[in-house]
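Below: the structure, in structure tokens.
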Amino acid sequence: MATLLLTTLFLPLAGALLLRGDRRSVRQRALAVSVLVLGMAAVLIAQFPGGSAPFAQTDLGWLDRGGMPIDIRFSIALDGLSLWLFGLTALLMVVAVLAGWEAIEQQASLYYRLLLILETGMLGVFVARDIILFYVFFEFTLIPLFFLIGIWGSEQRRYAAVKFFLFTLAGSVLTFLGLLSIVLWDYYHPVGDPAAWKMTFSIPQLTDTLSARPMDPVVQIWIFLALFAGFAIKVPLFPLHTWLPLAHVQAPTAGSVILAGVLLKVGTYGFARFNLPMLPDAAALLMPWLLWISLAGILYGALVALAQTDIKRLIAYSSVSHLGFCMLGLFAANRLATQGGVLQMVNHGLSTGGLFAVVGMLYERYHTREIGELGGLARRLPVLAFFTMVLTLSSIALPGLNGFAGEFLLLLGVFQRGWADTPAADWQLRTIAVLSVAGVVLGAWYMLWMYQRVFFGPVREPKSSPLPLGEGQGEGSVQDLSLREIACLSPLLVFILWIGLQPRFFLDRMAPTLDDLTAPVRQAVDRTLVPTLRVGTHDRPLRGHEAAIHPTECKLKNANWKLQIDPLVPRPALLAPTL
């Protein structure tokens, strides 16, 4: 399996280097390569044994020779966190190639080469087990998308490409500084003989070391903030989201599908892989602030989406809201919320990636994305209306579809965090939990309202539309989805139904890894935010009604026990003034 993973990773890059020919031949070869990568990824997923151990691992020395105290390795593997994101990347690349089949007319060879190079970068981010290798792939995704937006985008493509590049580059530099700080701290705090200690960049080794021997909380906070800056731009979290709507609107269809479906998950993946397990005390101390920021993104994205008149821009702002839900689940840091948050990352890639593909199909027919210029299209394009309806219902988390499984789990975990797990911060977390439900309501509002205006009511088409309804189906008339477009969207619907009806199949494979990664931050939350009830010589967490008792000592009825609320772990007053 190690050889298969290695081949899957570099096959798109090899295909890009060998891609030559005219427009028709290069797109066929690009499709063949992406389908082959998807098939190999499916084999890897099918053979995944479960558990938290790395699967299909390749571990080779890179810069570890000549007596140098640096141990940088080419190390790749799959685990429960990366498994489904790896498969999602392979699936959405096939969708991206098919969605832009007719739209790309100029420089087709370069276009498909960049798509395949981008695929290798995205796959590499999710399987890298070394910090330097992760950062190489992290940056590897930036250049191809910059050119995809800047060359094949819409009217403001150059401005959008430059803004995307500057935002993500600035964030990635801060991310690298944060990761390098972790490596240096580990190197200068050795266990055992310092002369034998090497500067390791191994992600699993650093995770284990920092779990057993954590940094000082103040140091953790500074490094957490550096990593936060980079990953929050990638997600993007409010208020660092301003590059995203413009990039989505100006990008070609394939670029929007890949950006929403995969590249935004690089940020959420980084939080789950680095911030939570390596910096648990910082994550616990900053939890209320992180949850408030996530909630702000949920509500802001939803409210701004309601005001949009461009379908693509509406879906772009919906991504800000939906990814706020993913981060809400991760930052709540209990089992239910974390599993729901990671599952929702996959769900968002399926539903929003599909919606961007649908918008591209509409634009190819009408050359507009303005909601006010479209109406009643279900009569004209019933197959397209059906696919859009399923993707819309998935996006608003209709029970029985994938969005419900992830959103329900993460909200349940957030409510559990507010009502049962952390009574010391209960009023904040409970407020966040209740307000987050408003994001669900707003999401249903703007998505269903958009669908109703575009596909129902009187038929309304742009003046440039070839023929109005009822004047024949000749050469110039608008046609419903072709077989190619149906083949593009159908796999997404299969997984939308599969996850919605049988989420356990997906959760069981990610749960052991997520439990291991979030165990340090769960323990840190218990130390930081949960006061204890001391009964004799034994401590246990306070229950909610006990935490409401104000005196530090009191006698319980019919007992000689003393209720002692231990002081919370000292923290800077600026960071959590209300706890």
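The values are calculated or read from the model by the stated rules, or taken from the named source; none is laboratory data. Note that this is a predicted model, so its numbers are computed, not measured. No Cβ is skipped: glycine too gets one built from the backbone with ideal geometry, and neighbour counts run over all protein chains shown. Surface accessibility is based on the protein's heavy atoms, side chains included, excluding ligands, DNA and RNA. Shrake-Rupley method; radii C 1.70, N 1.55, O 1.52, S 1.80 Å.
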Quiz item: Counting only protein heavy atoms, what percent of the accessible surface of the stretch 157-231 is carbon or sulfur at a 1.4 Å probe?
Solution: 70 percent
Practice problem: Would you please give the residues with an amide H less than 5 Å from that of Met199, counting only those at least 5 places away or on a separate chain, with H modeled from the backbone geometry? | Solution: Ile70, Asp71
Quiz item: Tell me, what % of the accessible area of the stretch 295-357 is carbon and sulfur with a 1.4 angstrom probe?
Solution: 60 percent
Practice problem: Would you mind telling me the antiparallel percentage of the DSSP bridges in the chain, rounded to 5? | Solution: 90 percent
Self-check item: Alpha-carbon Rg/Rh ratio, for the stretch 227-340, with Rh computed the Kirkwood way
Solution: 0.98
Quiz item: Once Lys and Arg get +1 and Asp and Glu get -1 on their Cβ, which of Ile221, Pro54, Ala247 lies farthest toward the positive end of the dipole of the chain?
Solution: Ala247
Quiz item: Taking θ as phi - 60°, what are the ³J(HN,Hα) couplings along the stretch 376-387 by the Karplus curve (6.51, -1.76, 1.60), each to the nearest whole Hz, with x for Gly and Pro?
Solution: x, 6, 4, 6, 8, 10, x, 5, 4, 4, 5, 4
Quiz prompt | Scattering profile of the chain at q = 0.06, 0.07, 0.08 Å⁻¹ [log10 I(q)/I(0), Debye over alpha-carbon scatterers] | solution = -0.32, -0.43, -0.55
Quiz item: Which of Gly261, Pro204, His322 sits farthest toward the positive end of the charge dipole of the chain, with +1 on the Cβ of Lys and Arg and -1 on the Cβ of Asp and Glu?
Solution: His322
Practice problem: Enter the Cα centre distance for the pair the stretch 266-307 and the stretch 425-464, rounded to the nearest angstrom. | Solution: 21 Å
Practice problem: About the Cα centre of the stretch 1-84, how large is the charge dipole given +1 on each Lys and Arg Cβ and -1 on each Asp and Glu Cβ? Please answer in debye to the nearest 20. | Solution: 580 debye
Quiz prompt | Charged-residue dipole, Cβ positions (Lys, Arg, Asp, Glu), the stretch 224-355 about Cα centre, Debye nearest 20 | solution = 160 debye
Self-check item: Rounded tilt (10° steps) of 23-47 against the dominant C-alpha axis of the chain
Solution: 30 degrees
Quiz item: What is the chain's relative contact order, in percent, from Cα pairs under 8 angstrom and six or more apart in sequence?
Solution: 14 percent
Quiz item: Which whole-number value in Å² is the accessible area per residue of the chain, probe 1.4 Å?
Solution: 38 Å²
Practice problem: Could you tell me the convex hull volume per residue, in Å³, taken over the Cα atoms of the stretch 46-123? | Solution: 128 Å³
Quiz item: Considering the dipole of the chain built from charges on the beta carbon (Lys and Arg +1, Asp and Glu -1) around the Cα centre, which of Gln156, Ile311, Gly178 is farthest to its positive end?
Solution: Ile311
Exercise. Distance between Cα centroids, the stretch 114-140 to the stretch 1-79: provide it in whole Å.
Key: 10 Å
Quiz item: So which trypsin sites (Lys or Arg not before Pro) in the stretch 268-334 end up in coil per DSSP with only 13 or fewer other C-beta atoms within 10 Å?
Solution: none
Exercise. Return one number: the angle in degrees, 0 to 90 and rounded to the nearest 10, between the long axis of the Cα atoms of helix 131-140 and the longest principal axis of the Cα atoms of the chain.
Key: 20 degrees
Practice problem: Using the Karplus curve 6.51 cos²θ - 1.76 cosθ + 1.60 with θ = phi - 60°, work out ³J(HN,Hα) for each residue of the stretch 162-176 in order, rounded to whole Hz, and write x for Gly and Pro. | Solution: 5, 5, 4, 5, 5, 4, 6, 5, 4, x, 5, 5, 5, 4, 5
